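Take a look at the structure below.
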Amino acid sequence: MTTTETAKALTIAGSDSGGGAGIQADLKTFQELGVYGMSVLTAATAQNTLGVQGVFPLTAEAVARQLDSIGQDLTPDAVKTGMLFSADIIEAAADRIAHYGWRNLVIDPVMVAKGGAPLLKGDAVVTLIRNLLPHALIITPNLPEAEILTGMKLFKAQDIREAARRIHAMGPDMVIMKGGHAGGDLARDLLYDGTAFTVFESPRIHTMATHGTGCTYSAAITAGLAKGLTTTGAVRVAKDFIQAAIEDSLGIGSGHGPTNHFAYRRRRSQNGGELT
Ligand SMILES: Nc1ncnc2c1ncn2[C@@H]1O[C@H](COP(=O)(O)OP(=O)(O)O)[C@@H](O)[C@H]1O
Ligand SMILES: Cc1ncc(COP(=O)(O)OP(=O)(O)O)c(N)n1
């Protein structure tokens, strides 16, 4: 059967050889949510559940050419960015996104892997803010990333809200402050649309298998947007998707294990539910 209504999503990100984060997590998530996935590679990382053993960036030219191949043939319904690594790759991505007028841009401002390896050069943060954030529908910082974007220390709830306001003023329509790095019994994410805050929360799972949670979550938001969901609707599905993916862990690798990208679909089919 063919259809003219296939939703298409593009990820612009780095490769994680271990398959838990980066391009691999994004494409698995798109597939699980019924969206056709496309990828523009920014860097290869030698990586597993123990950490990042090497980073090998592509040239900005190679990134721009991949984006042109997509832009000249396969208009995405939503786009996400992950590991962009350098200022010149960010400039190339921002330039091509503006050139093709791509909408529904989700920015996961990936800076440092959980093990501490830098995935964005320090001098590229200003380029991310200046060149890319004004194009974003939504940006999804974790708390350490929000601290770097704002220069604030984020311990208190009121400071997290103030940081969301400041990041919103940098250009994105919406900001979601992810709560994975906060303490407490709940994993609480805060969506700010420039006017109001909406809370999305779930029980915090005590596990080592959280490698790639941010990539998977932002990819699920991107898939929802590609299918025409509202941002709030896309975040709601993404929250359920990541909760299932963390809960039904795969138990592979000897470090921070990957999440389970097929848990959400398996649960829904067991419940007789339709895929959203
Ligand atoms: N231990 C956990 N239990 C439940 N949800 C979690 C847990 N860790 C992270 N999350 C959720 O996963 C998503 C990604 O958050 P986070 O881990 O902060 O991102 P990142 O991988 O970028 O650091 C958020 O929705 C967050 O609330
Ligand atoms: C290639 C690549 N891209 C992004 C990340 C960061 O992924 P994230 O979802 O934030 O998960 P952790 O690295 O924090 O486990 C990555 N590691 N590799």
Subset of the stretch 168-186 that is in contact (Cβ under 8 Å) with a residue 40 or more places away in the chain and open to solvent by less than 20 Å² (accessible area, probe 1.4 Å) - its residue that is nearest to the chain's Cα centre (by Cα): Ile176
Answer residue from the stretch 85-113, given it is within 20 Å of Met177 (Cβ to Cβ) and hydrophobic (A, V, I, L, M, F, W, C) and is surrounded by the fewest Cβ atoms within 10 Å (Cβ to Cβ) among those: Val112
Can you name every residue in the stretch 114-148 that is in contact with a Lys or Arg (Cβ under 9 Å, 6 or more places away or on another chain) and closer than 23 Å to Ala182 by Cβ? Thr140, Pro141, Asn142, Leu143, Glu145, Ala146, Glu147
Say we look at the stretch 196-240 and pick out the residues that are among the aromatic types (Phe, Trp, Tyr) and more than 13 Å from ligand 2 (Cβ to nearest atom); which of these is surrounded by the most Cβ atoms within 10 Å (Cβ to Cβ)? Phe200
Number of the exception - Ala25 against (1) in contact with a Ser or Thr (Cβ under 7 Å, 6 or more places away or on another chain); (2) open to solvent by 10 Å² or more (accessible area, probe 1.4 Å): (2)
Looking at the stretch 43-65, can you tell me whether even one residue there is within 23 Å of Leu225 (Cβ to Cβ) and outside any helix (DSSP H, G or I)? no
Among the residues of the stretch 51-67, what is the count of those that are open to solvent by 50 Å² or more (accessible area, probe 1.4 Å) and among the β-branched types (Val, Ile, Thr)? 1
Scan the stretch 93-124 for residues that are within 16 Å of ligand 2 (Cβ to nearest atom) and over 16 Å from the mean Cα position of the chain (by Cα) and jot them down. Gly115, Gly116, Ala117, Pro118, Lys121, Ala124
Would you mention how many residues in the stretch 4-21 are within 14 Å of ligand 1 (Cβ to nearest atom) and either in contact with a helix residue (DSSP H, G or I) (Cβ under 6 Å, 6 or more places away or on another chain) or free of Cβ contacts under 8 Å to residues at least 12 places away in the same chain (or both)? 4
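The values are calculated or read from the model by the stated rules, or taken from the named source; none is laboratory data. Note that this is a predicted model, so its numbers are computed, not measured. All Cβ positions, even for glycine, are placed from backbone atoms using ideal geometry, and neighbour counts span all protein chains on display. Areas reflect the complete protein model, heavy atoms only, side chains present, ligands, DNA and RNA absent. Shrake-Rupley method; radii C 1.70, N 1.55, O 1.52, S 1.80 Å.
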